[in-house]
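Notes follow the structure.
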Amino acid sequence: MLTLDPRAAGPVALVTGAASGIGAAVVGALVREGAAVAAVDIDSDGLAELADRTDGRVVPFTADVADAAAIADVVDRTEHDLGPIGTGVSAAGILRPGRLCETTDADWADTFAVNTTGVFLVLREIARRMVPRGRGSLVTVASNAAGVPRAGMGGYAASKAAAAMLTRCLGLELAPHGIRCNVVSPGSTDTPMQRLLWADEDDRARVIAGTPEQFRVGIPLGRIADPADIADAVLFLASDSARHITMQNLYVDGGATLRA
């Protein structure tokens, strides 16, 4: 079994994008490890359902990660009500697919507001509180699209690449304070976001096989990831088992990027 930082009282974790998909899977994994979790999302109904499933170990906070004041308030309330945050996971994200020449200003701005600025705001607020304590782990859920060009996903890929690099830079700055910052980059994962790209279940097979006309390699392991596959990687990086790992980007994509 993996263990979270034993010095953290609780321990306490904060997860964004917690209402569904990868974020919800991360919350579930942390709860099973004994953490009390502040679950953050704009989907209040999804958060309520998540809290009901987790036997009181999850405290829901409805907030927009792109709202600096709201995030500062959530972090303050979490530390006041649950205790010092030992693990922070930024998993909130949106996808507005489309070729770059057809991408609207609004879609571009919204994508970066959530996928990049949201990561910055969340990690900054948590890190400011971790520094005096001299410990903590921060994990950003990015995407394998950040490392390999994707037709029709330029805005998403660029925002995730920025989020990955800011997390690694933060890791360099926080290393002297005993705080680790890492990235998990999923490939195609069976989430509501992934299913937005599918017209029918046949698209699952097409993703696994690859699409040469889009210059997209298939998935060598021959399967779409489950959210739990990503959550396991996040939990590892947050745990004491990864105590000497920081500024790393772990691809969890079944080999789809050939780690290009």
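The values are calculated or read from the model by the stated rules, or taken from the named source; none is laboratory data. Keep in mind the model is a prediction, meaning the values are calculated, not measured. Backbone-built Cβ (ideal geometry, glycine too); neighbour counts: all protein chains shown.
Matching residues to (1) in contact with a Lys or Arg (Cβ under 6 Å, 6 or more places away or on another chain); (2) surrounded by 21 or more Cβ atoms within 10 Å (Cβ to Cβ); (3) acidic (Asp, Glu):
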site	(1), (2), (3)
Arg129	no, no, no
Arg133	no, no, no
Thr140	no, yes, no
Gly147	no, no, no
Gly152	yes, no, no
Ala158	no, no, no
Thr167	no, yes, no
Cys181	no, yes, no
Val184	no, yes, no
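Return the only residue of Ala69, Ala109 being hydrophobic (A, V, I, L, M, F, W, C) and within 22 Å of Gly154 (Cβ to Cβ). When all the criteria are applied, what remains is Ala109.
Scanning the range 72-83 for residues that are crowded, with 17+ Cβ neighbours inside 10 Å and either within 22 Å of Val141 (Cα to Cα) or touching a Phe, Trp or Tyr at 6+ places or on another chain (Cβ under 9 Å) (or both) gives Val74, Val75, Thr78. If only residues of the range 186-210 that are assigned to a strand (DSSP E or B) and at pLDDT 80 or above are counted, the one that is surrounded by the most Cβ atoms within 10 Å (Cβ to Cβ) is Pro186. Checked against (1) at pLDDT 85 or above; (2) within 22 Å of Ala25 (Cα to Cα); (3) outside any loop (DSSP other than H, G, I, E, B); (4) not hydrophobic (A, V, I, L, M, F, W, C), Gly222 passes all but a single condition, namely (3). Screening the range 242-260 for residues that are of a type in the set (S, T, N, Q) and modelled with pLDDT of 95 or more and picking the one that is surrounded by the fewest Cβ atoms within 10 Å (Cβ to Cβ) gives Gln248.
Does the range 90-105 contain any residue that is over 17 Å from the mean Cα position of the chain (by Cα) and among the small types (Gly, Ala, Ser)? Checking the range 90-105: at least one residue is over 17 Å from the mean Cα position of the chain (by Cα) and among the small types (Gly, Ala, Ser).
Condition first: touching a residue at least 24 places away in the same chain (Cβ under 8 Å) and either charged (D, E, K, R) or closer than 18 Å to Ala238 by Cα (or both). Now tell me which residues in the range 95-119 satisfy that.
Arg96, Arg99, Asp107, Val119
Contact map, the range 199-219: residues that are among the small types (Gly, Ala, Ser) paired with residues that are modelled with pLDDT of 75 or more and part of a helix (DSSP H, G or I), Cβ distance under 8 Å, separation 6+ or inter-chain. Pairs shown: Gly218/Ile208.
Regarding Ile126, is this residue at pLDDT 95 or above, in a loop (DSSP other than H, G, I, E, B) and within 27 Å of Asp232 (Cα to Cα)?
no
Residue count for the range 101-118 satisfying the condition of being among the hydroxyl-bearing types (Ser, Thr, Tyr) and buried (at least 18 other Cβ atoms within 10 Å of the Cβ): 3. Between Ile179, Ile230, the distinction of being touching a Pro at 6+ places or on another chain (Cβ under 6 Å), at pLDDT 95 or above and under 30 Å from Pro11 (Cα atoms) belongs to Ile230 only. The helices (runs of 4 or more DSSP H) falling completely within the range 1-118 that include 2 or more residues that are under 18 Å from Thr191 (Cα atoms) and at pLDDT 95 or above map to 21-32, 44-53. Only one entry in Gly98, Gly17 is crowded, with 24+ Cβ neighbours inside 10 Å and at positive phi, namely Gly17.
Against the conditions (1) crowded, with 17+ Cβ neighbours inside 10 Å; (2) out of contact with any strand residue (DSSP E or B) (no Cβ under 6 Å at 6 or more places or on another chain), Ala69 satisfies every one except (1).
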